[in-house]
Every structure is written in C-alpha cells, then in structure tokens.
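See structure below.
The values are calculated or read from the model by the stated rules, or taken from the named source; none is laboratory data. The model shown is predicted, which means the values in this text are computed figures rather than measured ones. Counting neighbours? That spans all protein chains shown, and the Cβs are built from the backbone with ideal geometry, glycine included. Note: areas computed on protein heavy atoms with side chains; ligands, DNA, RNA excluded. Shrake-Rupley method; radii C 1.70, N 1.55, O 1.52, S 1.80 Å.
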Amino acid sequence: MKSLHRSLSLLFIVVCSLSWVSASAISHDDFLECLYSYHPKESSSITQVIYTKKNSSYLAILDSSIRNFRFATPNTPKPLVIVTPLNISHVQATIHCSKKHGLQIRTRSGGHDFEGLSYVSHVPFVVTDLVNLRSVDVDVENEEAWVQSGATVGEVYYRINERSTNLSFPASVFRTVGIGGSISGGGYGFLFRKYGLSADNVVDAQLVDANGRVLDRRSMGEDLFWAIRGGGGGSFGIVISWKIKLVHVPSTVTVFSVGRTLEQNATQLLHRWQYVAPNLPNDVFSAVAISTTNASENGTKTVLATFISLFQGGANEFIPLMQERFPELGLVKEDFIEMTWIESLLLMNGLSNETSEILLDRSNRDSILPPSGKSKSDYVREPMPEIALQGLWPHLLEVDEGGIAVQNFIAYGGIMEEISETETPFPHRKGTLYMISYNIAWQEEENNNSQRYISWIRKLYSYMGPFVSKSPREAYVNYRDLDIGRNNYYGKTSYKQASIWGRKYFKNNFDRLVYVKTKTDPKNFFKHEQSIPPRFH
C-alpha cells in the first residue's frame, strides 16, 4: 500500500497605503496592550495564547501547522503577533485590535493552504490560529454534530466513529486538513459522490464578523450563510464552529488500488476510465493517481497510473460491478480488500498499520512526500483523447530527481450531478466528468531553486489548456493558485480585476459573493490576495 499512500498524499491583500504606514509603526507591545484592555477580565487567559517575536516559542508555533515549507523560509514575511484563541472573546479582541492598528488578519485552521494565504501576508498582519478551538460534539440521536473550525478532519472522523461506527461526515481525504478551511471552500472526499461536499452538509454556523458580532445562521441571514459554505476562507469573518449533518456509512467498505505502467496500457486504461468512473453508482469513489516510477521492464523511468476506488459496501457486490463496467482494468478478487469505514480512512492516509487514534495526531510526520510544493487544478467536461494523454507523459518524465510530480484525476458524477451549481458558491457540478489536481513537491533545502519546479507545473498547466473546461477555465478554491489572478496588495481591487480569478473558482456565483461581501464587510477588513472584494462605487 506504499504506492497508495504516495499517490494520495498530494490528492489533496488589499489595504490602503495609510493603513500600511500606521501599521508598520505598531509594536508588539502596542497590540498586546490593546488586547489586554479590550476585555480586562480576560487579560490573564489572553496572556496564555499570544506569541510575539520576543517569545522563544514564536517560530515553533508559527511553523507548527505549516504543511507547505515553501512558506517557512527565513525570507517569508512573519506576523507581528500570533493569537491562538481559547474562546470567542479572544477572537473578538483580535479583530478589534487588528482594526484599530490597521493590521491584516489571517486565520488558520489546519495549514493545508497551497499558497499560504492563511498565515502569510506582504503587509503587516496578525495570525489567528484556531488550533485550540477544536471540539467535536456529536449528537448520535439527531445525526448531527457541532465541530469547531480548528479541528482536523482526522479528529472529526475519529470523534464521530467513537460514538457510532455507522455515521460519518463527507469531509476531505487527509486527516491533518483543518475542517474549517475545508468546509469554507467546499470540501470533497470519499463520500462526496453519494452525499455531496462538506459544505452541502452544513446546517448552521457560528461566525464572528468584522464588527466583532457573534452570528448564527438566523442572525447572519441566508446570504452570508450561503457565502461561507464554499466561498473560500478569509473573506467574510472568522467561523468558529459549524453544525454538520452526519451521514450513514455501512459496516463494511471495499477498496482497491492497482497500478498500471505505460507498458501495461496505462494510457488506454486512463482513457477508458474517463467514460466509466463518472457513471459508476454513487457509492463508489474513484480516482487515478499518476506519477513516475523506475519499475518499467528495461529499468528506465516510466509513468504509473494507480487506479483507486472505495465502495460503500461489500466485495461480493463491488467485484462484479467493476468487472462488468471496467473489464479492461483486469481486476481479480485478490485486488479487493474489505474493511471498516475507519480502517479505510487509515489505509487511504497511509496508516494501515496504525490504530484509529492516529487520526488525532495533528502532525504530518507520516508523509513520505517532500514538504515544499506548488499545486494547480482543473475541471474536465469532455474526455481527453488518447493522443492528448500521450502528450502528457513527456512532461511528467522530465521532472528531475529532486522533485516528485503527482497528478490526481478524481471522478465526479453521482449526486454532484443533481445539486444545483447555485446551491452553494461551489459551482463545479453538473457536466463535470472529473477534477484534476497537479502537484509538484520538493525537499525543503531545494526552496532556493523552487522556481524551476514552479515553471515546470506552469508549463504542464499550459499544455492541458485545450482539454479542460473553458470560459472560464475552472479551478477549485481550496487549491489556491495565485497564478490565475490576485488582488492588489495596496489600494482597492476592482470588480473587473477580481473577476479574473473569481469566475474560475465560482463562475457566476462570484457576483453573489461580491454582493454579500459588499453588504457584510463593505470596508473590506477581511482580505487577502484572493479574498472576495466589495463592489466599490
């Protein structure tokens, strides 16, 4: 299962110049004094959750949740203060003092941020790290739970399974992803073809807005509640917790992971997969991880396509289904493994030799992939011809030994065909055959040479242009990519400029997101390089 782990491991700022001038003169002590004075009764607890450059543990706290070491270099901009709130009052105080001193605020829930926007800024800023706000309160009888944004996906899976082995939540694939960030951009995983995205299964939320008000679904209104469920993090407020609807999982699930090289007809199999996978029953999650290997017959590097599926049911049902629908893959009974739902999550995270308690471990220590990287995404609406796939392989084979390139094809279809693209801000629904994530990773010591890897992935992305969605060329907001456009660091960003990237993530839903932003945060306090801007007049 090592190949499965390797394949899945990557499946996965706008301020005015006056604010810049005033903020640049702010000291740590000024900000701390403001925090202490905001709520004097909380001053002792606030002391426990504040880290400045004067603290010996400042860098350890800053780096503790960073999953992409491209943003952990000595030259990466560092926050004036890191706040790890213990309660809502700490969040309110941080918002108040950031506004008072003209500082940006970046909110981090897990650290799986492909462009570091939740913990890096090129203007003076504060990081609010929600690591201490991570409770998961499960109500089995009503099949729902309140989860705080700082909980990881692994913690959510574990706490639900602890109460019921037949309930779960359609969260993302990897255990160390922060649930808050995942839901805010949509959140897909092994159950999304049956139950929809994470955001589709949220029924309430608790948010602190730019004025420090604590709002729930009723008090925030349906527009804002719509926007935070897929509109991307960091634009509308800080979501403290989400009320989620739990879904049913069977006692037994079945998985398979089989690899095929170019010499074993990987091109033809991947071409056929495009027609089969989106039309499989809703109970089937299907993906193909494409990487390189030295396992070709003559010992040279070749392309390896690993076909991965997870079925909500037993092997006796899954085996004949796959042999009928995809006989070309040549699956045999021994390829199928039955297990419990929680065991499948461990397997898919490369943790099959661990107990389920490993899901509570927030570290990324089990990853075998290099820690620095760059990612992009695409959506495919028409099957790629074989000749286009053949043209893809030379790009993968040219990556040098210092980097690891992985492409993931994730089948859509199922219930995603039935949910309206305006139901939430996430629009990539009906007509989408599959999503592609492109990933290049390298060792931390290679960060000084990162540009050659980034240039490589941009070249690959350019090659794929004719074969993916168009007008706009769609992208997944949780796979942030500043190459497709960004807001201004200083001064206002026009609606036209923001639309360049906004429509790729949200299509026509971008207009409603701008409307909600203009209504709820007209002064654009919550902002970053790809935050939703208000529509200035």
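I'm trying to understand the selection: among the residues of the stretch 192-201, which are open to solvent by less than 10 Å² (accessible area, probe 1.4 Å) and at negative phi?
Phe192, Arg193, Leu197, Ser198, Ala199, Asn201
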| query | In this structure, does Val138 turn out to be at pLDDT 95 or above, more than 19 Å from Arg480 (Cα to Cα) and open to solvent by 10 Å² or more (accessible area, probe 1.4 Å)? | reply | yes
Take the conditions part of a loop (DSSP other than H, G, I, E, B) and either open to solvent by 20 Å² or more (accessible area, probe 1.4 Å) or within 30 Å of Gly102 (Cβ to Cβ) (or both) and apply them to Arg473. Does it pass? yes
Taking the stretch 310-339 and keeping only residues that are open to solvent by 50 Å² or more (accessible area, probe 1.4 Å) and either of a type outside the set (Val, Ile, Thr) or in contact with a Leu (Cβ under 7 Å, 6 or more places away or on another chain) (or both), one is left with Asn316, Glu317, Pro320, Gln323, Glu324, Arg325, Pro327, Glu328, Lys333, Glu334, Glu338
The lone condition Asn487 fails out of (1) under 27 Å from Trp273 (Cα atoms); (2) open to solvent by less than 10 Å² (accessible area, probe 1.4 Å) is (1)
Residues of the stretch 340-355 being open to solvent by less than 30 Å² (accessible area, probe 1.4 Å) and not in a loop (DSSP other than H, G, I, E, B), in sequence order, are Trp341, Ile342, Ser344, Leu345, Leu346, Leu347, Met348
Note: among Gly189, Gly233, Gly237, just one is open to solvent by 10 Å² or more (accessible area, probe 1.4 Å) and out of contact with any helix residue (DSSP H, G or I) (no Cβ under 6 Å at 6 or more places or on another chain), namely Gly237
Of (1) of a type in the set (D, E, K, R); (2) within 25 Å of the chain's Cα centre (by Cα); (3) farther than 20 Å from Thr432 by Cα, Asp283 satisfies every one except (3)
When Ile66 is run through (1) assigned to a loop (DSSP other than H, G, I, E, B); (2) at pLDDT 90 or above; (3) surrounded by 21 or more Cβ atoms within 10 Å (Cβ to Cβ); (4) touching a helix residue (DSSP H, G or I) at 6+ places or on another chain (Cβ under 9 Å), the failure sits at (4)
For the stretch 521-534, pairs from a residue that is modelled with pLDDT of 95 or more to a residue that is of a type in the set (Ser, Thr, Tyr) and in a loop (DSSP other than H, G, I, E, B), with Cβ under 6 Å and 6 or more apart or across chains, are Phe526/Ser235; Ser531/Ser235; Ile532/Ser235; Pro533/Thr493
Within the stretch 358-397, residues being touching a Leu at 6+ places or on another chain (Cβ under 8 Å), closer than 18 Å to Phe174 by Cβ and part of a helix (DSSP H, G or I) number 2
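From the list His122, His39, which one is modelled with pLDDT under 95 and under 21 Å from Lys527 (Cα atoms)?
His122
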Flagged in the stretch 146-172 as surrounded by fewer than 24 Cβ atoms within 10 Å (Cβ to Cβ) and either touching an Asp or Glu at 6+ places or on another chain (Cβ under 7 Å) or among the aliphatic types (A, V, I, L, M) (or both), in numbering order, are Trp146, Leu167
Filter the stretch 442-470 for residues that are modelled with pLDDT of 95 or more and assigned to a loop (DSSP other than H, G, I, E, B); the one that is farthest from Val177 (Cα to Cα) is Lys470
Selection over the stretch 74-128 where residues are assigned to a strand (DSSP E or B) and within 17 Å of His28 (Cα to Cα) yields a count of 10
The correct count of residues that are open to solvent by less than 20 Å² (accessible area, probe 1.4 Å) and more than 16 Å from Pro124 (Cβ to Cβ) in the stretch 70-94 is 6
The lone condition Gly502 fails out of (1) touching a helix residue (DSSP H, G or I) at 6+ places or on another chain (Cβ under 7 Å); (2) buried (at least 21 other Cβ atoms within 10 Å of the Cβ); (3) in a loop (DSSP other than H, G, I, E, B) is (3)
